[in-house]
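Chemist: My questions will all concern the structure given below.
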């Protein structure tokens, strides 16, 4: 399934006219090492499970006692638990995974080339707690999810405004790259009529603004200057592990998702259509977003906009 997802989203981006064809080369680049590891692990684990000695006995299983073999079997199982569940797959650095750039975010627990860690937030328009990774479904247009964590809203107000302004420029990736929507607009988050009217939209780049505040302590009008970031708004007041800031409903755990992802001061997280992190960067680095997408997308000819 992971092979299929990896290849299908890349084929979709190319066939929709959004991505350069050489993006398809990253399929083998990312999935071949995973397949090779899986084959080697299966051969070793199947032998251990059957009480046999693996053909490649690099750990000297053949010389172990029965008790040592049993202990080694459990250790191999535990060490590979994340991989066998699919959660521990790590892709190499390439045009989709800016691992070295993401590593500059000190304290970040998100790593480019790995799956986005799950977490909770509150959808602002209806107050519903949601798993943020599921807000954009796989039957959506098949674009990139761009999570903008505000950090302290007042402290980062100017950075957020500058980020929003940069996205509205003709030279921004949002305005340069337009593909043909092949599967409709289903699978996107719920949207208020007001946001639909005032917020510019490119279905291949879905911005989800996660405000580090109780949903009852800010209004959408506070975010008026943040278009197009304010189309889909969430409050970080539901994930456990946040700070208790008062006794009002929603004050119990504010900033829990920021803290879980290690991005308490705010950040931008670009997530690929298959749910893997592609890039993590500061709020004041909009030019890095343009550089990232320029590496594998192709500019739409004038007049070809959706």
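Chemist: Out of curiosity, is residue 240 modelled with pLDDT of 95 or more, part of a loop (DSSP other than H, G, I, E, B), surrounded by fewer than 16 Cβ atoms within 10 Å (Cβ to Cβ) and under 22 Å from the mean Cα position of the chain (by Cα)?
Modeler: Numbers: modelled with pLDDT of 95 or more: yes; part of a loop (DSSP other than H, G, I, E, B): yes; surrounded by fewer than 16 Cβ atoms within 10 Å (Cβ to Cβ): yes; under 22 Å from the mean Cα position of the chain (by Cα): yes.
It is true that residue 240 is modelled with pLDDT of 95 or more, part of a loop (DSSP other than H, G, I, E, B), surrounded by fewer than 16 Cβ atoms within 10 Å (Cβ to Cβ) and under 22 Å from the mean Cα position of the chain (by Cα).
Chemist: Which one of 126, 156, 162 is in contact (Cβ under 8 Å) with a residue 12 or more places away in the chain, more than 29 Å from residue 14 (Cα to Cα) and loosely packed, with under 12 Cβ neighbours inside 10 Å? Can you show your working first?
Modeler: Working: 156 fails: loosely packed, with under 12 Cβ neighbours inside 10 Å; 162 fails: loosely packed, with under 12 Cβ neighbours inside 10 Å.
Residue meeting the stated conditions: 126.
Chemist: Would you please list the contacts, defined by Cβ atoms under 6 Å and residues six or more apart or on different chains, that run from a residue in segment 2-18 that is at pLDDT below 95 to a residue that is assigned to a helix (DSSP H, G or I)?
Modeler: Between residues of segment 2-18 that are at pLDDT below 95 and residues that are assigned to a helix (DSSP H, G or I), the close pairs are 3/31.
Chemist: I would also like to ask the following. If only one of 250, 278 is within 29 Å of residue 196 (Cβ to Cβ), in contact with a helix residue (DSSP H, G or I) (Cβ under 9 Å, 6 or more places away or on another chain) and not in a loop (DSSP other than H, G, I, E, B), which one is it? I'd like the intermediate steps shown before the answer.
Modeler: Values: 250 fails: not in a loop (DSSP other than H, G, I, E, B).
Answer to the check: 278.
Chemist: Oh, and also: I'm trying to understand the selection: among the residues of segment 214-234, which are closer than 21 Å to residue 158 by Cβ and in contact with a helix residue (DSSP H, G or I) (Cβ under 9 Å, 6 or more places away or on another chain)?
Modeler: So the first thing to find is which residues in segment 214-234 are closer than 21 Å to residue 158 by Cβ, and the list is 217-231, 233.
220, 223, 224, 225, 226, 227, 228, 229, 230, 231, 233, listed by residue number.
Chemist: For residues in segment 136-153 being modelled with pLDDT of 95 or more and buried (at least 18 other Cβ atoms within 10 Å of the Cβ), which is farthest from residue 19 (Cα to Cα)? Outline the logic, then answer.
Modeler: Taking segment 136-153 first, the residues modelled with pLDDT of 95 or more are 144-153.
After this cut, where a residue has to be buried (at least 18 other Cβ atoms within 10 Å of the Cβ) as well, the list is 144-151.
Values: 144: 12, 145: 16, 146: 17, 147: 21, 148: 23, 149: 27, 150: 29, 151: 32 Å.
Ranking the candidates gives 151 first.
Chemist: Looking at (1) surrounded by fewer than 12 Cβ atoms within 10 Å (Cβ to Cβ); (2) within 21 Å of the chain's Cα centre (by Cα); (3) modelled with pLDDT of 70 or more, which one does residue 89 not meet, given that it meets all the others?
Modeler: In the conditions (1) surrounded by fewer than 12 Cβ atoms within 10 Å (Cβ to Cβ); (2) within 21 Å of the chain's Cα centre (by Cα); (3) modelled with pLDDT of 70 or more, residue 89 misses (1) alone.
Chemist: Tell me, which residue of segment 253-275 that is touching a strand residue (DSSP E or B) at 6+ places or on another chain (Cβ under 6 Å) and outside any loop (DSSP other than H, G, I, E, B) is farthest from residue 136 (Cα to Cα)? I'd like the intermediate steps shown before the answer.
Modeler: Keep residues of segment 253-275 that are touching a strand residue (DSSP E or B) at 6+ places or on another chain (Cβ under 6 Å), which gives 254-255, 257-258, 263, 266-272, 275.
Then drop every residue that is not outside any loop (DSSP other than H, G, I, E, B), which leaves 254, 257-258, 267-271.
Numbers: 254: 23, 257: 17, 258: 19, 267: 19, 268: 17, 269: 14, 270: 13, 271: 11 Å.
Ranking the qualifying residues of segment 253-275, first place goes to 254.
Matching residues to (1) more than 29 Å from residue 293 (Cα to Cα); (2) out of contact with any strand residue (DSSP E or B) (no Cβ under 8 Å at 6 or more places or on another chain):
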residue	(1), (2)
216	yes, yes
222	yes, yes
228	no, no
232	no, no
239	yes, no
242	yes, no
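Chemist: Checking the structure you have, find out if any residue of segment 205-226 is in contact (Cβ under 8 Å) with a residue 40 or more places away in the chain, over 28 Å from residue 259 (Cβ atoms) and part of a loop (DSSP other than H, G, I, E, B).
Modeler: no
The values are calculated or read from the model by the stated rules, or taken from the named source; none is laboratory data. Predicted model, so just to flag it, every value in this text is computed and none were measured. All Cβ positions, glycine included, derive from the backbone under ideal geometry; neighbour counts span all protein chains shown.
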